[in-house]
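> First the structure, then my questions, so here it is.
The values are calculated or read from the model by the stated rules, or taken from the named source; none is laboratory data. Quantities reported herein were computed from a predicted structural model and do not represent experimental measurements. Glycine also receives a Cβ, built like all others from the backbone with ideal geometry; neighbour counts cover every protein chain displayed. Heads up: the accessible areas ignore ligands, DNA and RNA and are worked out on the full protein's heavy atoms, side chains in. Shrake-Rupley method; radii C 1.70, N 1.55, O 1.52, S 1.80 Å.
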Amino acid sequence: MQTQDLLAADTGMGAVTLRVADLDRTAAFYTDGVRLSVLASTPGRVVLGRGAVPIVVLEHAPELRHAGAHEAGLFHTAVLFDTRADLAAALYSVATRYPQSFTGSADHLVSNAFYCTDPEGNGVELYWDRDRSEWSWTHGTVEMATIFLDPNAFLREHLTEAALDDAAGRPGRVGHVHLSVGDLPSAKAFYVDQLGFATTAGWGEALFVSAGGYHHHMAMNTWNSRGAGRRQLALGLGLVRIEVPGADDLGAITERMRDHGLQLADDGRTVAFEDPWANRIEVTAPGRG
């Protein structure tokens, strides 16, 4: 791939949209557990985030079915916290208010991560990044691992009253989005060769990709979904947002995806298309339109 075909270095992830059957119950999990704030609310739709940054958008869709366990879709939305104290406060809230939702934890060398599941079965990762100077790279591959991380020890070391009392929450954002897909070659062809992410790591049945040397902005795995085809309309993932720095970057993506024969929707502010499993992707830039 040519350098000019890569996504801009300052590319990041925007809010993830989820379709849910029980809007109130799910919103309560993200506010009382994950410690997000309600940024906007209209009938059937709630935008949640930290500071002024949207992280999760919930859309009420009780008429839809739940997706099957082996279908493609969301594996988890990863919420990135600026400090370990902020992460510890969220972990404490989830552990005390939604203890049955907790599914695991890991030191990934580049980050500390804790995993849970929202009331509708959508995966959530809560994490904090080590400084980039501490990451180890070999020939373009970042070193990551899955090392046991004791959540109780993490809380004892990093939980503070100040973080717990910070009801509004210091800034946070979507650090990455992890998808369940049908096969990795198709995922690489779409997200790397067409969209323009760079591959940063591969663990057996998982692929990690990023822009600008981040450990990963997106990941795809086939752990539960090997062979899955295109998604039907269902509860769960509604939309993945990617944010690029400027209009020129968005224009380059639009041209590149058209060259690859993808059908695009462009409303003057965002460009939208589907990946091979009908996951909807929207790309936007500040000031577009």
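> Which label belongs to the value computed from this structure, given these candidates for percent of Cα pairs over 35 Å apart: (i) 13; (ii) 42; (iii) 24?
Computed from the coordinates, percent of Cα pairs over 35 Å apart corresponds to (i).
> In the range 23-110, what trypsin sites (Lys or Arg not before Pro) fall in a loop by DSSP, with at most 14 other Cβ atoms inside 10 Å?
Within the range 23-110, the qualifying trypsin sites (Lys or Arg not before Pro) (loop, at most 14 other Cβ atoms within 10 Å) are Arg65.
> Right, next: Using +1 at the C-beta of Lys and Arg and -1 at the C-beta of Asp and Glu, which of Thr26, Val47, Ala198 has the Cα lying farthest in the positive direction of the dipole of the chain?
Thr26
> Okay, moving on. Each residue of the range 104-109 in turn: what ³J(HN,Hα) in whole Hz from Karplus with 6.51, -1.76, 1.60 and θ = phi - 60°, glycine and Pro shown as x?
x, 7, 6, 8, 9, 6
> Of Pro151, Leu164, Thr77, whose Cα points farthest to the positive end of the dipole of the range 67-226 (charges on the beta-carbon: +1 Lys, Arg; -1 Asp, Glu; origin at the Cα centre)?
Highest projection toward the positive end goes to Thr77.
> Between Arg170 and Arg97, what length in nm is gained on full extension when 0.36 nm per residue of separation is reduced by their alpha carbon distance?
Extra length from Arg170 to Arg97 when fully extended: 24.2 nm.
> For the chain, what is the accessible area per residue in Å² when the probe is 1.4 Å?
Using a 1.4 Å probe on heavy atoms only, each residue of the chain averages 44 Å².
> Hey, if you put +1 on the Cβ of every Lys and Arg and -1 on every Asp and Glu Cβ in the chain, which of Gly140, Phe208, Thr96 ends up farthest toward the positive end of that dipole?
Value computed over the given set: Thr96.
> Carbon and sulfur: what percent of the chain's accessible surface (1.4 Å probe)?
49
> From Cα pairs below 8 angstrom and at least 6 apart in sequence, can you work out the relative contact order of the chain, rounded to a whole percent?
This gives 24 percent for the chain.
> How many nm is it between the label spots at Ser136 and His70, if each spot is 7 Å from the Cα in line with the beta carbon?
3.8
> Out of residues 5 or more away from Val110 or on other chains, whose amide H comes under 5 Å of its own, with H placed 1.01 Å from N in the peptide plane?
Ala145
> Work out the length of the dipole vector of the chain about its Cα centre, built from +1 on the beta-carbon of each Lys and Arg and -1 on the beta-carbon of each Asp and Glu, and round it to the nearest 20 debye.
Magnitude of the dipole: close to 400 debye.
> Still on this structure, I have one more. Residue by residue through the range 182-194, which ³J(HN,Hα) values in whole Hz follow from phi under the Karplus form 6.51 cos²θ - 1.76 cosθ + 1.60 (θ = phi - 60°), with glycine and proline marked x?
Each residue of the range 182-194 in turn: x, 7, 6, x, 5, 5, 5, 4, 7, 7, 9, 5, 9 Hz.
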